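Chemist: Okay, handing you the structure first.
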2 protein chains.
Amino acid sequence: MGDFKKVIFEPGKKTIKVRRGSRLVEVARDADLKLETDCGGLGKCGKCKILIADGAGKPTAAERFHLSSSDLERGYRLACCAIVERDMRVILPERSVTVGGKGRFKDPGSGLVPEPALRKEYLRLPSPTLEDQDSDSARLRRCLRGPKPEIFPLSVYRELPEVLREDNFHVTVIGDGRVIRGVEPGNTASTNLGVAIDIGTTTLAGYLYDLGSGKLLAEAAVLNAQAARGADLISRIDCIRRDEKALPELRALVIGSLNELLGILVEKVGFRQENIYMATVAGNTCMQHIFLGISPASLAASPYVAVVKEGVSVDPGEVGLLLNKAGRIFVLPNIAGFVGSDAVSMIMSTGMDRSGKISLAVDIGTNGEVVLGGKEKLLACSAAAGPAFEGAQISRGMRAAAGAIDRVFFDKQMEFGVIGGGEPIGICGSGLIDAIAALLDSGLVNHRGKILSPGELPERGGPQLAGQIIEHEGANAFVLAKSSSTPGHDPILITQRDVRELQLAKAAIATGVSVLCKEYGIGIDDIDDVFLAGAFGNYMNRDSAVRIGLFPPELVGKITHVGNAAGIGAARALISRREIERAEQVAGAVGHVELASYPDFYKLFARHVNFPSAHV
Amino acid sequence: MGDFKKVIFEPGKKTIKVRRGSRLVEVARDADLKLETDCGGLGKCGKCKILIADGAGKPTAAERFHLSSSDLERGYRLACCAIVERDMRVILPERSVTVGGKGRFKDPGSGLVPEPALRKEYLRLPSPTLEDQDSDSARLRRCLRGPKPEIFPLSVYRELPEVLREDNFHVTVIGDGRVIRGVEPGNTASTNLGVAIDIGTTTLAGYLYDLGSGKLLAEAAVLNAQAARGADLISRIDCIRRDEKALPELRALVIGSLNELLGILVEKVGFRQENIYMATVAGNTCMQHIFLGISPASLAASPYVAVVKEGVSVDPGEVGLLLNKAGRIFVLPNIAGFVGSDAVSMIMSTGMDRSGKISLAVDIGTNGEVVLGGKEKLLACSAAAGPAFEGAQISRGMRAAAGAIDRVFFDKQMEFGVIGGGEPIGICGSGLIDAIAALLDSGLVNHRGKILSPGELPERGGPQLAGQIIEHEGANAFVLAKSSSTPGHDPILITQRDVRELQLAKAAIATGVSVLCKEYGIGIDDIDDVFLAGAFGNYMNRDSAVRIGLFPPELVGKITHVGNAAGIGAARALISRREIERAEQVAGAVGHVELASYPDFYKLFARHVNFPSAHV
């Protein structure tokens, strides 16, 4: 036994014997304990941080890179680096991925009367007699309160006789008014969970509710495993167009991730996935198509039509989601090929469809969505901003995670903040906007977006900053963090190409806002409220956004962040079937403006590529 | 090649080489040519009769038994007996099993406007443009005539984009008003078959229609392979109660037989099974439960409740029936556990639900069904007659097939007719009723049902018949056909036990009629019409039925045969969705009388066990 060591995982006291020299990440995997890892266990992402209470070895270089020295001293290690050399006691992290990546979540349950579309009802049916020979189905139907269901699926007929007789004709019925979805022996009415799901291109967020009380029980997020087949929608659709096996594969990837998400959610509160009876799903149109196994190929080429825009409800088995088999999944309606139910959710979560004011709501992302209007009229468009706001296709870009520069200030010199503190390893979208706003303020970048050479600088740029301009790939670049101040000893640059990427991105959104105002027949001043949805909207500095021209200066005082609007919309639809109906009304009422065919689009876009010429 | 011989099958000229000495029935099976055989190829049933135009060998004993000498001379043989000794040319019989076993079929299409529940519609949709970005589903929905469907199943969404684009947005839609069931590229509207199915305990009958014109194209019948697990319903339900694997097995057996039936039907008219889009199904409650995969166990024990009585519609894939996958199966509603949709069909095919007269309708069978009333009120009961009328549990009983005595006359001596002519091999239900009526007339059986000994006979029995009474198993028996006149040299007897079986059977039906009249508050004289449904009703001699007391003499002149009422009802529902609605109304309106709990049942039954005491 000299070759074997004992590893105890806490909480839970799961104990296993492993061969000495095993990597802890694999030990955990064999023990069915999932650890978050973005990099596949290569020591690159630093996410598999665990606490080795007894038996920690010497930290590796990767661990020294990712973990602070005080953490290292306390026994924190990366599971992918730690080797089992002696008996160990390991404290696992909270299993949840933070939902933060999707933006703050205000529980939308408050103010909504719980009236979920799928209901459970406990019935004590009278037993049949020779005087009461009603069939099993008729007996059930006559005893249900409220409107009588028209339809029993064959699966329910098949299980009905046994279920009814298992507990002396005491039975819990799961139904949605018109259809009986399932029957369970005895009284199970109090166990009735539902999950609101936001299917993002990058992240899947889930919110677990008690459908009886409408109370939020848990929230979690996981990465969408589809990312392996392309970071953005267009590359995934391209996959599907080229290879007929890609659609089922991409579908299986997102369903696999969602099932993992559901597992995390129910484990947090001590339930099982079969206790979940209902799911509502919001997301962009493409993600919804793939989730349902419908080809999104027609979305990618003019005239960009969807196969389905209306809300769709399906059985869990039809899509492979591991809920209770009697459950039902409600996929919220879309507005257009690139204005999905996440936009519908945004409208519902801001209440702009019921407001007498004129509101502008923007979800800034690779596929930005812009909605303008109020209860009289709503217009929407999609703005293909590209991934710059999410830190992709930026030289040192990264997601808003630990080590990302997320704030940049200019006050004679550049200062920045890093998520989680410590030394910076890259820059995320909000940091990029701040940085370029600062470069504009300092005069290092002109209104056409050119990074000036030290000799071209105006006076206010000052000699101090001039020293941070270097030549890089045949153009100028700004050294935001010097090589000596980064852990990899690689400077963090804002390159000319980074500035160009941001110009295209912000121009796409700004053009969308302009076009909608023109179509609506109003000016910027007529907008009463501005809602920013999604994670990015939460983190972005408003003044910087105005400075780079993402929004006109008139709007800066009117901005509210609404958190994960898609999740909020899905949660509202989960709690109340009236919100499902509302989603359908909203999706049907919103006028879609196709930017690609808008007459002045390219002229407007070109104008918005430039930065505002002076600090306002 | 000396060991191989060539066999040509006509029509079709299918030619195969086989090893010399092969049995022709196996050669045909290997060539995918199905030959009807009830006995499994044992030379017992004589059904696999074929014509060997060239190369016939010497007939075997079994062939000499089943075939006339003129047939044998012309080259007719039994495929199960014929051995391939030389090259052969074989003329196959018409493939159809006759529907005769289910009774005559009057095409119910006449007078019905074709309005099937499932319709096909060819649409030429406009292609999408940047100005018309409707989704595929919205495009389809807006172009449909009539009420807009609410529901697209996920399977339709999944195939929609490809189907629409295969023929430039020209598409044929299969739908039932509220649900789109399928889409096909191009114009396939003219290929639209439907099948009406009567699922009997013994025989499955099918009627193939063109749903566009409402025209009957073909009819056929096959045996229900479930018979291998019990001849009657109760024995099959017992199987299911004892063994949890029996339900799926019995379901698979009937579905297999039905798929064979559909194959025979479409081959008759040169179509394929996937050209069938709709099926309607009538049958007894138990057969319908098993067809749907629902346990009929609760039918067999008091209080005899069904799981489902309402009409059920399912997808072909849910039950395994090989129609077009976009098709739909409508299972007609039942009235009670032993009053099935065959009884509903009987009411519809006689029109008694719309008649101002008072009608009595009876389907005589193992599970007899009796319906009484008119448009104001309808009452029904089931009468457990047992299998005597179908020739089962009778000493020499057999189905109404070739070789069965089906008619018996008494005119000083007994004479009988044999189905197909020739020597008798058994007796079927109609022959048994005739025989016992004749024995009553001749005085050989008294009104209590006792076969008298030769010394007890009244004068009119005469010494001639007295010689036909023998002792058999401790009681008297009547020799209907002497051993010298039967092919097996076994006399055909009517035993005391046979008489008792018939007494119980006829008493069950007669008691049902009496109880319904009492419940309805009318006398026998108030009945205006009597409808006899099913094969047995067609063949039975009315006077004999009255003589044995199956019906009171007042009704003899009012009897009409209605043929296969279950098939007619299913066909009406196939042709017009209004008839499906009518079936639902009828099933809901009929009052069910449970004989088992009727207060005077046993007293009435005991009274009906006796025969009427004198010839009327």
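Chemist: Hey, got a sec? Which GluC sites (Glu not before Pro) in the stretch A:518-616 land in a DSSP loop and have at most 12 other Cβ atoms within 10 Å?
Modeler: none
Chemist: Between B:Q413 and B:R178, with labels modelled 7 Å along Cα→Cβ, what's the label distance in nm to one decimal, could you check?
Modeler: 6.9 nm
Chemist: Per-residue HN-Hα couplings for the stretch A:211-216, Karplus 6.51 cos²θ - 1.76 cosθ + 1.60 at θ = phi - 60°, whole Hz, x for Gly and Pro?
Modeler: Karplus-based 3J(HN,Hα) across the stretch A:211-216 equals 6, x, 9, x, 8, 6 Hz.
Chemist: Taking neighbour Cβ counts within 10 Å as the exposure measure, how do A:Y539, A:Y122, B:Y209 sort from fewest upward?
Modeler: A:Y122, A:Y539, B:Y209
Chemist: Mind sorting A:V90, B:V27, B:V18 by how few other Cβ atoms lie within 10 Å of their own Cβ, fewest first?
Modeler: B:V18, B:V27, A:V90
Chemist: Which of the helices in chain A, when you take each full DSSP H run, stretch at least 27 Å along the axis at their Cα atoms and have an average Kyte-Doolittle score of -0.5 or higher?
Modeler: Passing helices, by number: A:246-268, A:496-520.
Chemist: Kirkwood Rh and Cα-based Rg: tell me the resulting Rg over Rh for the stretch A:531-616, rounded to two decimals.
Modeler: 1.08
Chemist: Calculate the translational D of the stretch A:412-498 in whole µm² s⁻¹ from Stokes-Einstein, where the hydrodynamic radius comes from the Kirkwood formula applied to all Cα pairs, the temperature is 37 °C and the viscosity 0.692 mPa s.
Modeler: Rounded, D is 248 µm²/s.
Chemist: Per the Debye formula with a single identical scatterer at each Cα and no solvent contribution, what log10 I(q)/I(0) holds for the stretch B:99-241 at q = 0.14, 0.19 Å⁻¹?
Modeler: Those come out to -0.80, -1.04, one per q.
Chemist: Hey, for A:I16 with labels 7 Å out along Cα-Cβ, what do the inter-copy distances come to in nm, ordered shortest first?
Modeler: Ordered by increasing distance: 5.6 nm.
Chemist: 7 Å along Cα→Cβ for the label point: how many nanometres lie between B:G212 and each equivalent label in the other copies, listed shortest first?
Modeler: Sorted ascending, the copy-to-copy spacings read 5.8 nm.
Chemist: Let me ask you something else. For the stretch A:517-616, calculate the relative contact order in percent as a whole number, restricting contacts to Cα pairs under 8 Å that are 6 or more residues apart.
Modeler: Once normalised by length, the contact order is 29 percent.
Chemist: Could you tell me whether the stretch A:104-173 comes out rounded, prolate or oblate from its Cα gyration tensor? Rule is a ≥ b ≥ c as square roots of the eigenvalues, rounded for a/c under 1.5, then prolate if a/b exceeds b/c, otherwise oblate.
Modeler: prolate
Chemist: Can I ask one more? Of the peptides A:422-434, A:566-578, B:475-487, how do they stack up when ordered by the mean number of other Cβ atoms within 10 Å, highest first?
Modeler: A:566-578, A:422-434, B:475-487
Chemist: Using only the C-alpha atoms of the stretch B:328-478, find the volume of their convex hull and express it per residue in Å³.
Modeler: 177 Å³
Chemist: Restricting the count to DSSP beta bridges whose residues both fall in chain B, what percent are antiparallel, rounded to a multiple of 5?
Modeler: The answer is about 70 percent antiparallel.
Chemist: Using a label point 7 angstrom from Cα along Cα-to-C-beta, what distances in nm, from shortest up, separate A:K518 from the other copies?
Modeler: Computed spacing set for this position: 9.0 nm.
Chemist: I would also like to ask the following. No solvent, one uniform scatterer per C-alpha: report log10 I(q)/I(0) for the stretch A:446-567 via the Debye equation at q = 0.15 1/Å, two decimals.
Modeler: -0.88
Chemist: Per the Kirkwood definition applied to all pairs of different Cα atoms, how many angstroms is the hydrodynamic radius of the protein assembly as shown?
Modeler: That comes to 36.3 Å for the protein assembly as shown.
Chemist: Dividing the alpha-carbon Rg of the stretch A:374-415 by 2.2 N^0.38 Å yields what?
Modeler: 1.84
Chemist: Determine the shape class of chain A: with a ≥ b ≥ c the square roots of the Cα gyration tensor eigenvalues, call it rounded for a/c under 1.5, and otherwise prolate if a/b is greater than b/c, oblate otherwise.
Modeler: oblate
Chemist: Do the alpha carbons of any pairs in B:K309/B:K603; A:K506/A:K603; B:K5/B:K268; B:K215/B:K357; B:K148/B:K215 sit beyond 19 Å of each other, and which pairs?
Modeler: Violating the 19 Å limit, Cα to Cα: B:K309/B:K603; B:K5/B:K268; B:K215/B:K357; B:K148/B:K215.
Chemist: Still on this structure: So which trypsin sites (Lys or Arg not before Pro) in the stretch B:241-328 end up in coil per DSSP with only 15 or fewer other C-beta atoms within 10 Å?
Modeler: Sparse-neighbourhood loop trypsin sites (Lys or Arg not before Pro): B:K245, B:R272, B:K325.
Chemist: Kirkwood Rh over alpha-carbon pairs of the stretch B:221-290, then Stokes-Einstein at 20 °C and 1.002 mPa s: what D in µm² s⁻¹, rounded to an integer?
Modeler: For these conditions, the coefficient is 161 µm²/s.
Chemist: Related question: Let me know the charge dipole size of the protein assembly as shown about its Cα centre in debye, to the nearest 20, where only the beta-carbon of Lys, Arg (+1) and Asp, Glu (-1) is charged.
Modeler: With Lys and Arg at +1 and Asp and Glu at -1, about 1380 debye.
Chemist: Let a ≥ b ≥ c be the square roots of the eigenvalues of the Cα gyration tensor of the stretch B:287-417; is it rounded (a/c under 1.5), or, if not, prolate (a/b larger than b/c) or oblate?
Modeler: Prolate is the answer for the stretch B:287-417, as a/c is 1.5 or above and a/b outweighs b/c.
Chemist: Most exposed first by the Cβ proxy, i.e. fewest other Cβ within 10 Å, how do B:M348, B:M398 rank?
Modeler: Listed from fewest to most nearby Cβ atoms, that is B:M398, B:M348.
Chemist: Treating the Cα atoms of the stretch A:188-343 as identical point scatterers in vacuum, please give the log10 of the normalised Debye intensity I(q)/I(0) at q = 0.20, 0.21 Å⁻¹, two decimals.
Modeler: Computed log10 I(q)/I(0) values: -1.22, -1.32.
Chemist: For A:K17, which aspartates and glutamates qualify as cross-link partners when the Cα separation must be under 20 Å and same-chain residues fewer than eight apart are set aside?
Modeler: Filter leaves A:D3, A:E26, A:D30, A:D32, A:D54, A:E85, A:D87.
Chemist: What GluC sites (Glu not before Pro) does the stretch B:120-177 have in DSSP loop regions with at most 14 other beta carbons within 10 Å?
Modeler: B:E131, B:E150
Chemist: Can you give the relative contact order of chain A as a percent, counting alpha carbon pairs under 8 Å and 6+ residues apart?
Modeler: Result for chain A is 13 percent.
Chemist: Okay, helix-only estimate at 222 nm for the protein assembly as shown: each DSSP H run of n ≥ 4 adds -39500 (n - 2.57), divide by all residues, round to 500 deg cm²/dmol; what do you get?
Modeler: Value at 222 nm, helices only: -9000 deg cm²/dmol.
Chemist: I need to check one value: relative contact order of the stretch B:286-387, counting alpha carbon pairs closer than 8 Å and at least 6 residues apart, in percent.
Modeler: Computed over the stretch B:286-387, the figure is 17 percent.
Only the coordinates and a few stated rules stand behind these numbers; no lab work does. Being a predicted model, the structure only gives us computed values, none of them experimental. For neighbour counting, all protein chains shown are included, and Cβ atoms are generated from backbone atoms with ideal geometry for every residue, glycine included.
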